[in-house]
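Nothing in this text is a laboratory measurement; each read-out follows from the coordinates by a stated rule. None of these values were measured; they are calculated from a predicted model. Here the Cβ is made from the backbone with ideal geometry for all residues, glycine too, and neighbour counts use every protein chain on show.
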Amino acid sequence: MSGKKPINSAIARQERTFTRFMLGQRWEHAILILSSFVLLITGLPQKYRGMSWSQDLLSTPERVEFIRQVHHIAAIVLALEAIYHLGRAIYLMARRKMSADMFPNMQDIYDAWHMLQYLFFLRRDKPVYGRYNFEQKVTYWFLFFGFALMGISGFIIWFPVQFTQFLPGGVVPASKMAHSTEAVVAAIFIVIWHFYHVHIERLNLSIFTGRLSEDEMKKFHGREYERVTGQPASKLDEEK
Amino acid sequence: MRLGKQIRSTHSGISLRASLTLLLGLLFFAYGVVSFVTPVQAEPVYQEDKPANDFCLACHQEDGLDFKLGKDMIPATINPTQFGNSVHSDEGIMCVDCHTDINDYPHPKVKSKNARAFSFTLFVVCKQCHEDQFLKVQDSVHQRAIDGGNTNAAICTDCHNPHTQGRLTGKTSGELTPAARVNIPLTCSKCHSVIYDAYKTSVHGNALTQEKNTDVPTCIDCHGVHNIQKPTTVSFRNSTPFLCAKCHTDPAIMDKYGITTNVLNSYVADFHGTTVKLFEEEFPGQPTNKPVCTDCHGVHNISKVDNPKTGIALRENLLVKCQRCHPDATIDFPSAWMSHYEPSPEHYPIVYAVNLFYKFFIPAVLGGMIFFVLTDIFRRIVNSIKGVKHV
């Protein structure tokens, strides 16, 4: 910690920043991006084998074998990352070292309703969010369950013989169906929902830098800002 | 030499008779020389003088004409009734059209060492009339075996006895007659008897041999007729699904028996079939370890799937097939393959449920996301026009 302090104070001279993601979490996100991207580009040609572009790519049995192995390796990387992520979160939360802010609560429903009213011009102010807003929680949990489903179904279709020792055979075609359909849903979700919110709505690089500026904290995570600093987040509150 | 002698004798004794003989002899000689030098017109020799079939049969319907060739007995007796019923007789083909070396009695001596060699000298005449079929056979697996030294491989006359072969195709339709179809497996069984025994018991073979049902495939429907190819090659294996599909996707045949025509689609939709289809189209010569129709259903011994003993609708029976590639598979594994069923509440409800879920889930997620994003963009545009500052 002592080694970091000079850097912090150096930035603080220009602008006060708030730690949003630890270095480990940022690495986790990088691994997630990489492995999911590899899984997607090696998975799509396998799903759309009837298409000519897929047949051009997988034009020899060796290439089919290769793309499968790459897919399996990326799957193992992502599975290990998921296990680490879950284990770390459970361990830290159990020891009260990590907030449970990511879990959905009633406030998210109110916030979403508030936002809906704002989008329909029924309110002039946007909701004031905590550490994670409802949109970010939707992203996290949508992909959380999506990846869980893809992980389980993926291992079922990878090891059908082993899984049918204790599961009915129908789970194999069901997994095959669910695995690739969920993958496409997740890919569309990331492009439309996640990319919109972190690139177009505003460029939010905190998952890479790990920090939010004071301005960003006030604007986008007002309640968290108030909780951390004890100061009011914005004048907007006074406006309404 | 004889001519020379004749000339000398005319000089020694002068008589009218002798000089006439000399004159005739010279004329013959001159004719002989002229006809030898000038090219003969290409008209069939003995066209009119060909001995009629009755002429041949006068002797050849007699018993006891068989003669010995090496260790083999060659049957030379022809049953006039059988021959009369044959297509060759019907078409007015004459004995000597095929037995081209015979014109009179006594016949020239057969030079072949045995019966098979004799057949080999004779069957080439089939080409005179059946050139198309004859040339196709040149590309066949049988011809390849012969070229490799196996003289037991079939030649024309092994399948088509020229003395008894009846008409195979309808005179006007040109299609194989039902009677001819029923007879095909018997013809092949003369050599391929083990396969015939399996075929006989199969759903196809049983229908053909017991019910004379000609909807079912005979040997030639899968193997071809004259240009029969080796069925153990990779490309033949890879093409199997499309071979079976010729009939099994044809509602005109399948509807009668209540058999689904979706078998190829459902096979290709699954990854086994997807791979095989790709191999068939892109690299037919490359072996694939994915199963084709025959790996589960059998080849010549195909049985009904709901056959209580051998049918693969029984998971125990299908498991045996699965285990050939998945040795550790257990009894629930075969149902991982949807048995050509479309998922429905009755068949594969889990898969049906997953499909149904995504049918609603995808539009709901897409719709929700697009709704939020578009309204957000709209509000931002309005904000910027109005000059409202907050985010």
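List the longest stretch of chain B that has no exposed loop site; here a site is one of the GluC sites (Glu not before Pro) assigned by DSSP to anything other than H, G, I, E or B, with at most 16 other Cβ within 10 Å.
My reading of the result: B:176-345 is the longest stretch.
Can you tell me the dipole magnitude for chain B around its Cα centre, using point charges on the Cβ only (Lys, Arg +1; Asp, Glu -1), in Debye to the nearest 20? Can you show the working numbers first?
Working: 36 positive and 37 negative charges, 197 e Å.
In total the dipole reaches around 940 debye.
Quick one: if the Förster radius is 60 Å, what FRET efficiency do B:Ile370 and B:Glu211 give, using the C-beta to C-beta distance and rounding to 0.05?
Details: r = 61 Å, r/R0 = 1.01.
Efficiency computed from Cβ-Cβ geometry: 0.50.
By counting other Cβ atoms within 10 Å of each Cβ, how are A:Lys137, B:Lys68 ranked from fewest to most? List each step's numbers first, then the result.
Values: A:Lys137 21, B:Lys68 9.
Least to most surrounded, the residues fall as B:Lys68, A:Lys137.
Cut-off under 18 Å on the C-alpha distance; same-chain residues fewer than 8 positions from B:Lys68 excluded. Which lysines are left, in chain and number order?
Those lysines meeting the cut-off are B:Lys109, B:Lys111, B:Lys113.
Give the separation of the Cα centroids, region B:281-356 to region A:47-76, in Å.
24
Is the shape of region A:74-150 best called rounded, prolate or oblate, per the rule: a/c under 1.5 gives rounded, else a/b larger than b/c gives prolate, else oblate, with a ≥ b ≥ c the square roots of the Cα gyration tensor eigenvalues? Write out the running numbers ahead of the final one.
Numbers: a/c = 3.92, a/b = 1.88, b/c = 2.09.
It is oblate, given that a/c is not under 1.5 and a/b is not larger than b/c.
Between B:Leu69 and residues 5 or more places away or on another chain, which pairs have amide H atoms under 5 Å apart, with H built 1.01 Å from N, and which residues are they?
Result for B:Leu69 returns B:Ile74.
Mean-square fluctuation check for chain A, GNM, Cα pairs under 10 Å: which of A:Ile157, A:Ile190, A:Ile200 is largest?
Fluctuation is largest for A:Ile200.
Among B:His163, B:His107, B:His60, which one moves the most in a GNM of chain B with springs linking Cα atoms closer than 10 Å?
Sorting by GNM fluctuation, first place goes to B:His107.
In which sequence would B:Lys304, B:Lys309 go, from the one with the fewest C-beta neighbours within 10 Å to the one with the most?
B:Lys309, B:Lys304
Out of A:Met115, A:Ala187, A:Ile90, whose Cα points farthest toward the positive end of the dipole of region A:90-240 (charges: +1 Lys, Arg; -1 Asp, Glu; placed on Cβ)?
Projecting each Cα onto the dipole axis, the largest value belongs to A:Ile90.
Residues in region B:128-157, backbone N under 17 Å from the label point at B:Asn227 (7 Å along the Cα-to-beta-carbon vector): list them, ranges by number please.
The answer is B:130-145.
When only alpha-carbon atoms are used, what values of Rg and Dmax, in angstrom, describe the protein assembly as shown?
Cα only, the protein assembly as shown: 43.5, 162 Å (Rg, Dmax).
Mind checking which of B:Gln286, B:Met338, B:Gly166 is farthest towards the positive end of chain B's charge dipole, using Cβ charges of +1 (Lys, Arg) and -1 (Asp, Glu) about the Cα centre?
B:Gln286
Mind running the shape call on region B:200-291? Use the C-alpha gyration tensor, a ≥ b ≥ c as the square roots of the eigenvalues: rounded below 1.5 for a/c, prolate if a/b tops b/c, oblate otherwise. Please list the in-between numbers first.
Details: a/c = 2.50, a/b = 1.38, b/c = 1.81.
Oblate, because a/c is 1.5 or more while a/b does not exceed b/c.
Mind listing the phi-derived Karplus ³J(HN,Hα) values for region B:49-60, rounded to whole Hz, using 6.51, -1.76 and 1.60 with θ = phi - 60°, and x for any glycine or proline?
After applying 6.51 cos²θ - 1.76 cosθ + 1.60, I find 8, 4, x, 5, 4, 4, 4, 5, 5, 3, 8, 6 Hz.
For B:Val87 and A:Lys47, what does the FRET efficiency come to when R0 = 60 Å and r is the distance between their Cβ atoms, rounded to the nearest 0.05?
Step by step, r from the Cβ atoms, then E = 0.60.
Between B:Thr81, B:Thr294, B:Thr151, find the one with the highest GNM mean-square fluctuation for chain B; connect C-alpha pairs within less than 10 Å.
Taking springs between Cα atoms under 10 Å, the residue moving most is B:Thr81.
For B:Val299 and B:His107, compute 0.36 nm times the residue count separating them, minus their Cα-Cα distance, and round to one decimal in nm.
Result: 64.2 nm gained on full extension.
Please compute, for peptide B:327-338, the average count of beta-carbon atoms on other protein chains lying within 10 Å of each residue's beta-carbon.
Taking the mean over all residues of the peptide, I get 6.
Can you list the lysines whose alpha carbon is less than 21 Å from that of A:Lys47, not counting same-chain residues fewer than 8 positions off?
Excluding near neighbours in sequence, the set is A:Lys176, B:Lys277, B:Lys290, B:Lys359.
Enter the Cα centre distance for the pair region A:133-175 and region A:85-123, rounded to the nearest angstrom.
Between the Cα centres of region A:133-175 and region A:85-123 lies a distance of 24 Å.
In nm, to one decimal, how far is the modelled label at B:Ala353 from the one at B:Ile259, with both set 7 Å along Cα→Cβ?
My value for the distance between the label points is 3.4 nm.
Quick check for me: using +1 on Lys/Arg Cβ and -1 on Asp/Glu Cβ, what's the dipole size of the protein assembly as shown about its Cα centre, in debye to the nearest 20?
Computed about the Cα centre, the dipole is about 2560 debye.
Going by Cα centres, region B:168-185 and region B:124-158 are how many Å apart?
21
For a quick check of your reading of the filter: which trypsin sites (Lys or Arg not before Pro) in region B:212-278 sit in a DSSP loop and have no more than 13 other Cβ atoms within 10 Å?
Sparse-neighbourhood loop trypsin sites (Lys or Arg not before Pro): B:Lys212.
Within region B:115-186, which trypsin sites (Lys or Arg not before Pro) sit in a loop by DSSP and count at most 11 neighbouring Cβ atoms inside 10 Å? Kindly include the intermediate steps, with their values, before the conclusion.
Details: sites: B:Arg116, B:Lys127, B:Lys136, B:Arg144, B:Arg167, B:Lys171, B:Arg181; in loops: B:Arg167, B:Lys171.
For trypsin sites (Lys or Arg not before Pro) across region B:115-186 that sit outside H, G, I, E and B with at most 11 neighbouring Cβ atoms in 10 Å, the list reads B:Lys171.
Quick one: if the Förster radius is 35 Å, what FRET efficiency do A:Arg68 and B:Asn383 give, using the C-beta to C-beta distance and rounding to 0.05?
Once rounded, the FRET efficiency stands at 0.10.
Hey, got the dipole for region B:232-324? About the Cα centre, +1 on K and R Cβ, -1 on D and E Cβ, debye to the nearest 20?
300
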